[in-house]
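Enquirer: Could you have a look at this structure, given as structure tokens, before my questions?
Every read-out reported here was derived from the displayed coordinates using simple, explicitly stated rules and does not represent laboratory data. Source: prediction; values computed, not measured. Cβ: placed from backbone, ideal geometry, glycine included. Neighbour counts: every protein chain shown.
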Amino acid sequence: MQTDRGYKCRITNIVELTGEEKLFQLRIIDRHERQIFSFRPGQFLMLEVPGYGQIPISISSSTSNNEFIELCIRKAGRVTGALFQAKAGALVAIRGPFGSSFPMDEMADSNIILVAGGLGIAPLRAPLFWINDHRDRYNKVHLLYGTKEPSQLLFTYQFDEWKKVNHIDLQTIVENPSPEWQGKTGMITELLNDIAIEPANTYAIVCGPPVMFKFVCNQLDREGIPMNRMFVSLERRMHCGMGKCCRCMVGSTFTCVDGPVFDYWSVMNLQEAI
Amino acid sequence: MIYKVISKKEFTAFVDTLVKANLSYGPKQVDTAKNGDPIYQFKEVHSAEEIAFDYTATHSSAKHLLLPYSEELSHFTFRDGDWKQEIAYENTPKVLIGLRACDISGLNILDDVLLNGKFPSPYYLAHRKNTFIIGMDHLPLPDCFCKSLNHHTVSKGFNLFCSDIGDKYYLSINSSKAYTYLKEFAIEDPSDEDDCRLIERRKLIKQSFRTEVEVTGLPSFLDIEFDSPIWKKWGDKCLNCGTCAMVCPTCYCYDTKEHIDTGLEGASREKQLYSCNLVDFAEVAGGHNFRPGNGDRLKYRYYHHYRGFAENANQQICVGCNRCGRACLADINPKDVINDLRMEKESCMICASPSPIRT
Ligand SMILES: Cc1cc2nc3c(=O)[nH]c(=O)nc-3n(C[C@H](O)[C@H](O)[C@H](O)COP(=O)(O)OP(=O)(O)OC[C@H]3O[C@@H](n4cnc5c(N)ncnc54)[C@H](O)[C@@H]3O)c2cc1C
Ligand code: SF4
Ligand code: SF4
Ligand code: FES
């Protein structure tokens, strides 16, 4: 049923990532609701701050953790602004999970390239945790992550674990380096040049600003990866998450119900999609 | 379905009894246009006398009686850092009188969208399930094009449908509730002559359409013509006012707003009908707008009505009432836009010869 009743959650922890982004850890208060809540990597929630509004946010934590849900949020306006004022212990509500997900099972026994631009790392964390939880089911895993400034790189405190414990080839790049930046400089597509791609046995997941999709996916296409093995997560304005308000419609496709995860072939054929 | 006839006088008595016992809405003259034509709207009525049975068309559709322009989705009461959420589905039974065939089709389309699929809307359902609908046929206005979309007749979505056959109404009774009510009144089985008059009436309605819009193959046309200059041409005229969507029987897009109660002890989440022609319809965080131009938004409305929905629900969402065309201050209407688009295409298909002259 389409309802506006959410699960009430307590904010149990807030991690300040940068001046603009925070990681909110939520715990569904009702034990039964907490136990039945489950989601798939790539899905999103409608997060409600009563009195301020309801917004779509990707679930940024591991599907195997029933105790907490993590949301990585950038301060953008009214609702996110209110959240940024909130302290641990405050109450919010969530509806969902909504939308499609990355086909993690289909990707088993293959190489995976995860490409994140800016805040695109937020929806990528769930598939990344999934891979980490089932590491033996996947072959080579690359995480290519680019931002404008070095200070915008999120979750740097988890990089070592991802690299060393989970054997993920993690590479970062920034557009505008700071004096102390020692890594690579340039656009995210440059990182693709540095890895050996086996097109017959590789899947890609690409999350980031719309401009990035075309460049990255077209380059992967040139490398020979079929478009139906590249997945993107689209962002649209959303008010219901249930295919009813039409705000997220692209052609005859609802980003909230048919997406947000699409394979690149479907998106390529959709006018106004990216 | 059961077919009966009833004299107009007896029908008025039936409606009067119904209206007096229930919350009811029917067509009423609310104003007069500059050219002297009456302006009708569906309004609350308390007796049959108040109803303009011989009305032409209402300015806006009956949609808002089931899908209000604004509606509370939930209410929060704050206490000691915690809150309580209440959700009420409004549920007053209603009688709607005098809906045209295309108006009922409009509601059938809303049913498809809002009640089918993975997430049916309990808000809409609460309104819809307790609504008693009486339809009435009519001779089309010169700009109606419901026949082009096959909505000049309707076979479901009403309790009772009345066809005007002179001094009687030919009744199509489509619910046991309607039949039970009507049994108290003088209804009769139709005679052969009544049947003949019904056929003549239907023929007359069908032949009276002055406006036609060719919608065959429109979904693929629209796809091919995505970049057509006609979108800019019509978009440049559009005032982005959203009136077309408000009067339309099938537009259902919405926006949500939060209101904090005075006294700060509660807040409500409200839904408001919206229009894809409004500037911020497709704007997302960071200020990026996926449909920045007037033409992009106007085009999207046409796509939603004539293409997107056709693909999803296997039918076009427009019923051809032309309310949008009548209400638009910029003089934009589906007939002109679609014809313009088809001309564009036709001139391309016969690219060797010059474009046909536009009428
Ligand atoms: C599937 C999906 C997943 C997302 N995941 C994340 C995430 O993990 N982290 C994150 O920080 N952001 C995410 N976003 C973006 C986030 O929804 C917006 O930043 C948020 O809605 C802004 O809300 P606000 O009230 O603070 O801003 P507002 O003050 O309402 O407006 C700021 C801007 O946000 C736009 N906006 C308003 N409401 C919505 C809405 N309901 N949906 C989209 N845009 C809106 C407005 O057009 C305006 O440009 C996601 C969006 C989608 C569609
Ligand atoms: S088409 Fe007409 S009614 Fe609709 S938004 Fe544009 S100007 Fe307003
Ligand atoms: S789009 Fe215009 S003609 Fe079609 S149903 Fe809506 S108001 Fe009527
Ligand atoms: S968010 Fe309402 S239709 Fe997709």
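Enquirer: With labels modelled as points extended 7 Å from the Cα through the Cβ direction, what inter-label distance (nm, one decimal) is found for residue B:336 paired with residue A:194?
Expert: Each label point lies 7 Å from its Cα, and together they span 5.9 nm.
Enquirer: Describe numerically, in nm with one decimal, the distance between label points set 7 Å from Cα along Cα→Cβ at residue A:149 and at residue A:33.
Expert: The two pseudo-label positions are separated by 3.8 nm.
Enquirer: Just want the ordering: B:119, A:231, from fewest to most Cβ atoms lying within 10 Å of their own Cβ.
Expert: Values: B:119 18, A:231 26.
Fewest-to-most ranking of B:119, A:231: B:119, A:231.
Enquirer: Let a ≥ b ≥ c be the square roots of the eigenvalues of the Cα gyration tensor of the protein assembly as shown; is it rounded (a/c under 1.5), or, if not, prolate (a/b larger than b/c) or oblate?
Expert: Verdict is prolate for the protein assembly as shown.
Enquirer: Based on DSSP, what percent of beta bridges with both residues in the protein assembly as shown are antiparallel, to the nearest 5?
Expert: Roughly 70 percent of the DSSP beta bridges within the protein assembly as shown come out antiparallel.
Enquirer: Using a ≥ b ≥ c from the Cα gyration tensor of chain B (square roots of the eigenvalues), is it rounded, prolate or oblate, where a/c under 1.5 gives rounded and otherwise the larger of a/b and b/c decides, a/b for prolate?
Expert: oblate
Enquirer: How would you rank B:48-55, B:297-304, highest first, on the average number of other Cβ atoms within 10 Å across their residues?
Expert: Per-residue Cβ counts within 10 Å, averaged per peptide and sorted highest first, yield B:297-304, B:48-55.
Enquirer: Over chain B, with a Gaussian network built from C-alpha contacts below 10 Å, which listed residue (B:90, B:193, B:44) shows the highest mean-square fluctuation?
Expert: So, out of B:90, B:193, B:44, the one fluctuating most is B:193.
Enquirer: Let me ask something additional. In terms of Cα to Cα distance under 21 Å, which lysines are near enough to residue B:237, apart from those fewer than 8 places away along the same chain?
Expert: Result set, ordered by chain and number: B:299, B:335.
Enquirer: Distances over 14 Å make up what percent of all Cα-Cα pairs in the stretch B:224-285?
Expert: In whole percent, the long-distance tail amounts to 70.
Enquirer: List, in the order given, every pair from A:244/B:63; B:177/B:203; A:75/A:148; A:75/B:257 whose Cα-Cα distance in the structure shown is over 22 Å.
Expert: Correct reply: B:177/B:203.
Enquirer: How high is the FRET efficiency between residue B:210 and residue B:177 when r is their beta carbon distance and R₀ equals 30 Å, given to the nearest 0.05? Display every interim value, and only then the final one.
Expert: On the way: r = 37 Å, r/R0 = 1.23.
For R0 = 30 Å, the calculated efficiency reads 0.20.
Enquirer: Determine the calculated [θ] at 222 nm for chain B from helices alone, applying -39500 (n - 2.57) to every DSSP H run no shorter than 4 residues and normalising by the residue count; nearest 500 deg cm²/dmol. Please report the intermediate quantities before stating the final value.
Expert: Numbers: 12 runs with 116 residues, N = 359.
Calculated mean residue ellipticity at 222 nm is -9500 deg cm²/dmol.
Enquirer: What ranking do A:244-254, B:281-291 get when scored by the average of other Cβ atoms within 10 Å per residue, highest first?
Expert: With the highest mean Cβ count within 10 Å placed first, the list reads A:244-254, B:281-291.
Enquirer: Can you tell me which of A:217-225, B:79-87 comes out highest on packing, and rank the rest after it, using the mean Cβ neighbours within 10 Å?
Expert: Final packing ranking: A:217-225, B:79-87.
Enquirer: By a straight-distance test (C-alpha under 16 Å), which lysines pair with residue B:8 as possible cross-link partners, with residues fewer than eight away in the same chain excluded?
Expert: Hits, sequence-local ones excluded: B:168, B:183.
Enquirer: Taking +1 at the Cβ of each Lys and Arg and -1 at the Cβ of each Asp and Glu, which of B:266, B:230, B:254 sits farthest along the dipole of the stretch B:218-351 towards its positive end, judged by Cα position relative to the Cα centre?
Expert: After comparing all options, I get B:230.
Enquirer: What's the angle, to the nearest 10 degrees (0 to 90), between helix A:121-133's Cα axis and the longest principal axis of chain A?
Expert: 80
Enquirer: Averaged over B:263-274, how many beta carbons belonging to a partner chain fall within 10 Å of each residue's beta carbon?
Expert: So the per-residue partner count for this stretch is 2.
Enquirer: Right, something else. Can you give the local net charge around residue B:5? Use residues other than it whose beta-carbon is closer than 13 angstrom to its beta-carbon, Lys and Arg +1, Asp and Glu -1.
Expert: -3
Enquirer: When a/c is below 1.5 the answer is rounded, else prolate if a/b is larger than b/c, else oblate, so apply that to the stretch B:2-208 with a ≥ b ≥ c taken from the square roots of the Cα gyration tensor eigenvalues.
Expert: The shape class here is prolate.
Enquirer: Dipole magnitude of the stretch A:51-150 about its Cα centre, charges +1 at Lys/Arg Cβ and -1 at Asp/Glu Cβ only, in debye to the nearest 20?
Expert: So the magnitude is around 520 debye.
Enquirer: On average, how many beta carbons from a partner chain sit within 10 Å of the beta carbon of a residue in B:221-232?
Expert: Counting Cβ atoms of other protein chains within 10 Å of each residue's Cβ and averaging gives 1.
Enquirer: Ok, one more. Dipole magnitude of chain A about its Cα centre, charges +1 at Lys/Arg Cβ and -1 at Asp/Glu Cβ only, in debye to the nearest 20?
Expert: Around 960 debye, computed over chain A.
Enquirer: What does the helix-only formula give at 222 nm for chain A: each DSSP H stretch with n ≥ 4 adding -39500 (n - 2.57), the total divided by the residues, and the result rounded to the nearest 500 deg cm²/dmol?
Expert: Values: 6 runs with 51 residues, N = 274.
Dividing the helical sum by the residues of chain A leaves -5000 deg cm²/dmol.
Enquirer: How big is the charge dipole of the protein assembly as shown about its Cα centre, in debye rounded to the nearest 20, if each Lys and Arg gets +1 on its Cβ and each Asp and Glu gets -1 on its Cβ? Please list the in-between numbers first.
Expert: Working: 71 positive and 78 negative charges, 86 e Å.
The dipole of the protein assembly as shown has a size of about 420 debye.
Enquirer: Please average, across the residues of A:42-48, the number of beta carbons from any other chain that are within 10 Å of each residue's own beta carbon, and give a whole number.
Expert: 1
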